[in-house]
Amino acid sequence: MGYENIQVEKRGRVGLVTLHRPKALNALNSALIAELNTALAQFEGDDKIGCVVLTGSEKAFAAGADVKEMSTLSFVEAYKTDFITSWDQVSRFRKPIIAAVAGYALGGGCELAMMCDFILAADNARFGQPEITLGVMPGAGGSQRLTRFVGKSKAMEMCLTGRMMDAAEAERSGLVSRVLPVDELVDEALRVAEKIADFSMPIVMMTKESVNRAYETTLAEGVRFERRMFHSMFATEDQQEGMTAFVEKRAPQFKNR
Ligand code: CAA
């Protein structure tokens with residue numbers, strides 16, 4: 001498929017999706033989201049892909065939902081089309097997906113990054129939920145996910161004032177896993193993704209599912225879920241290979257990559 005709003009590449013076992021609407025700072029319109037969902041569905045079904053990196057430009061990961069497209073939306077249209085719900089596909093992607101964020105990640109851009117499994121940030125990254133300045137509130141999970149990442153006080157302040165967070169504050173607050181020089185961001189994200197893609201894919205997917213469970217359930221149920229997943233791993237040839245390789249002091253050759 002030819003894409004107009006994103007660029008899609010395969011780098012070995014890693015899928016790289018680059019948001020590409022430079023004139024609009026990668027504002028997320030419905031065409032871009034449809035293309036992103038198509039690209040992710042293809043990577044999901046591609047056995048050769050073990051991890052995905054989602055990035056934007058050096059100036060903007062994404063400056064939010066496309067305000068120009070959204071400005072004339074009526075309540076009835078929004079409700080009938082379940083506006084924004086199609087974005088959730090990113091959070092249902094079953095393989096690991098890393099957000100590599102440089103520049104602005106605002107509104108829906110910040111929300112899209114938070115739907116990924118973790119965020120690597122460039123030193124020029126700026127995160128914010130400025131919807132309040134447009135007379136609305138976050139609509140793609142920002143009030144929920146940001147609160148879980150950074151806690152109530154900071155999330156509430158950001159959502160109520162629209163204040164942006166720089167990369168250092170984002171790392172301090174637990175929103176991003178690491179901060180990198182902007183010119184090293186994508187290469188390092190690709191290196192991390194390659195490392196993940198080199199492990200056993202079913203084990204990686206079960207690990208992702210288990211960490212995500214922590215947000216959806218109680219501690220006791222989450223630990224029970226983890227334990228059952230852990231037990232099931234002993235039915236895989238990759239568990240045998242991983243542990244045998246350790247005992248034999250050699251590198252493992254996982255079959256289910
Ligand atoms: N939607 C549509 N177009 C956008 C956009 C957006 N979210 N953000 C930027 N653009 C466009 C601008 O309109 C401008 O286009 P024109 O040249 O045609 O006028 C172009 O991108 C460049 O933007 P600026 O000239 O404004 O660039 P800047 O460097 O001066 O400012 C900025 C950068 C601070 C990010 C500023 O563009 C900005 O504030 N953007 C809007 C951010 C925002 O409010 N995002 C939240 C959207 S609502 C949302 O996301 C809802 C939700 O929860 C899903």
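The values are calculated or read from the model by the stated rules, or taken from the named source; none is laboratory data. A quick note: this is a predicted structure, and the numbers were derived from the prediction, not measured. Positions of Cβ are backbone-derived with ideal geometry, glycine not excepted, and every protein chain shown enters the neighbour counts. Side chains included, ligands, DNA and RNA excluded: accessible areas come from the protein's heavy atoms. Shrake-Rupley method; radii C 1.70, N 1.55, O 1.52, S 1.80 Å.
Here are a few things to note about the model shown:
- For the chain, a Gaussian network of Cα nodes joined below 10 Å ranks Phe234, Phe61, Phe149 by mean-square fluctuation, and the top entry is Phe234.
- Where both bridge residues fall in the chain, DSSP classifies roughly 25% of the beta bridges as antiparallel.
- The chain, relative contact order [Cα under 8 Å, separation at least 6], %: 17
- In terms of its Cα atoms, the range 79-140 spans 37, 32, 10 Å along the principal axes, sorted from long to short.
- Charge tally in the Cβ shell below 13 Å around Gln144, where Lys, Arg are +1 and Asp, Glu are -1, Gln144 excluded: 0
- Potential lengthening between Val211 and Leu134 on full extension [0.36 nm per residue; Cα-Cα distance subtracted]: 24.3 nm
- Taking GluC sites (Glu not before Pro) across the range 143-236, the ones in a DSSP loop with at most 10 further Cβ atoms lying within 10 angstrom of their Cβ are Glu216.
- Surface accessible to a 1.4 Å probe, Val76 within the full protein complex, Å²: 80
- DSSP bridge pairs, the range 72-194: antiparallel proportion in percent, nearest 5: 15
- Note on Lys10 and Gln253: the model spin-label points, each 7 Å out from Cα along the C-beta direction, lie 2.3 nm apart.
- Ordered by 1.4 Å accessible area with all protein chains kept, Ile33, Ile196 run largest first as Ile196, Ile33.
- DSSP beta bridges fully contained in the range 5-117 are about 35 percent antiparallel.
- Of Gly108, Gly50, Gly162, the one that fluctuates the most in a GNM where the chain has Cα springs shorter than 10 Å: Gly162
- Take the Cα of Met243, step 7 Å toward its Cβ, do the same at Ser86, and the gap between the two points is 4.7 nm.
- Projected-area mean, the range 1-100, by convex hull of Cα positions, square nanometres: 6.7
- Relative contact order for the range 13-156: 23 percent, from Cα pairs under 8 Å spaced at least 6 residues apart, divided by residue count.
- Positive minus negative residues near Asn124 (Lys, Arg vs Asp, Glu; Cβ under 11 Å): -2
- Sorting Lys10, Lys255 on solvent-accessible area from highest to lowest, probe radius 1.4 Å, gives Lys255, Lys10.
- Most fluctuating residue given options Arg213, Arg228, Arg145, as computed from a GNM of the chain linking Cα atoms under 10 Å: Arg228
- When both the range 181-239 and the range 124-169 are represented by their alpha-carbon centers, they are found 27 Å apart.
- Note on the range 146-191: dipole from Cβ charges, positive end direction compared against Thr147, Val186, Gly174; the farthest Cα belongs to Thr147.
- Gyration tensor (Cα) of the chain, equivalent ellipsoid semi-axes in angstrom: 32, 20, 18
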